[in-house]
Every structure is written in C-alpha cells, then in structure tokens.
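Note sheet for the following structure.
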Amino acid sequence: MKKLIAVAVATAFALPAFAQTQSLPTADERAGNRKEVSKSAAGTALTTKVKTALAADAGLKTVTSINVDSADGVVTLKGKVASAEMKKKSGEVAKKVDGVKSVKNELRVEAPKKG
C-alpha cells in the first residue's frame, strides 16, 4: 500500500515536468493561427449572409433544402430545389450578397414527389 501511495505521489509531481517540455508557438505560428481563425470567421459570416438573403427572398422563403458553404468569397450551393427557375434564382440571390466573389451552383432540380 505504501508503494502505491509513493508511486501516486511521484507521478503527481512528475506530470507537470512533462507538460512544461512543450515549446510555445513562435510569433509566425501565432500569426498563421490568427489568419486561419480570421479566414474561418469570415467564411462563416459570408455563409450566414447568403443564407439570410436566400431566406429573405420571397420566391425562396420555403426552400429549406439548400446548403450553403463558403471559402475565400466563393459560395457553394448544394441541395435540392423543385425547378430550374429556383436553382437559377438561388444563384442570382447569392451573387448579390456583399463579399461573394463567385457562386458554384451545385443545386439539383428534383420535382416534388406526389403522393
């Protein structure tokens, strides 16, 4: 029992020493990390703006099957819509959003199932 306690105490004191052997990131690494986080935040903000614009458009309010992704100002639309007109309209609405450089319209036209 005393050996077990001794091992536990020794381990408790040794762990912080191992944790301190990691080096801190350099200034360049920190700058790169900030750029990545900033880029990611900008992409998320642009995606949100496009989704909001699609939801606000009278002809697209009921479309819930459009997925929006963005990276570096390039917006990608994926999912299903009921007509070619809705596909075209979705792309046009996305292009008008401030910050959008281009749109990849990968929406699929699938007529609604009757039943």
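The values are calculated or read from the model by the stated rules, or taken from the named source; none is laboratory data. Because the structure is a prediction, the values reported are computed rather than measured. Cβ placement follows ideal geometry from the backbone for every residue including glycine, while neighbour counts extend to all protein chains displayed.
Observations, loosely collected:
- You will find that of VAL81, VAL68, the residue that is under 18 Å from the mean Cα position of the chain (by Cα), surrounded by 12 or more Cβ atoms within 10 Å (Cβ to Cβ) and modelled with pLDDT under 95 is VAL68 and no other.
- Per-region count, segment 103-115, residues farther than 12 Å from VAL50 by Cα, within 20 Å of the chain's Cα centre (by Cα) and without any contact (Cβ under 8 Å) to a residue 40 or more places away in the chain: 3
- Enumeration of residues in segment 84-108 that are in contact with a Lys or Arg (Cβ under 9 Å, 6 or more places away or on another chain) and of a type in the set (A, V, I, L, M, F, W, C): VAL97, VAL100, VAL103, LEU107
- Reported count of residues in segment 86-102, each being of a type in the set (Asp, Glu) and without any contact (Cβ under 8 Å) to a residue 24 or more places away in the chain, is 1.
- Every listed requirement among (1) modelled with pLDDT under 65; (2) among the basic types (Lys, Arg); (3) assigned to a loop (DSSP other than H, G, I, E, B) is met by LYS61 save one, (1).
- Residue selected from segment 72-102 under the condition part of a strand (DSSP E or B) and of a type in the set (A, V, I, L, M, F, W, C), by the criterion nearest to PRO112 (Cα to Cα): VAL81
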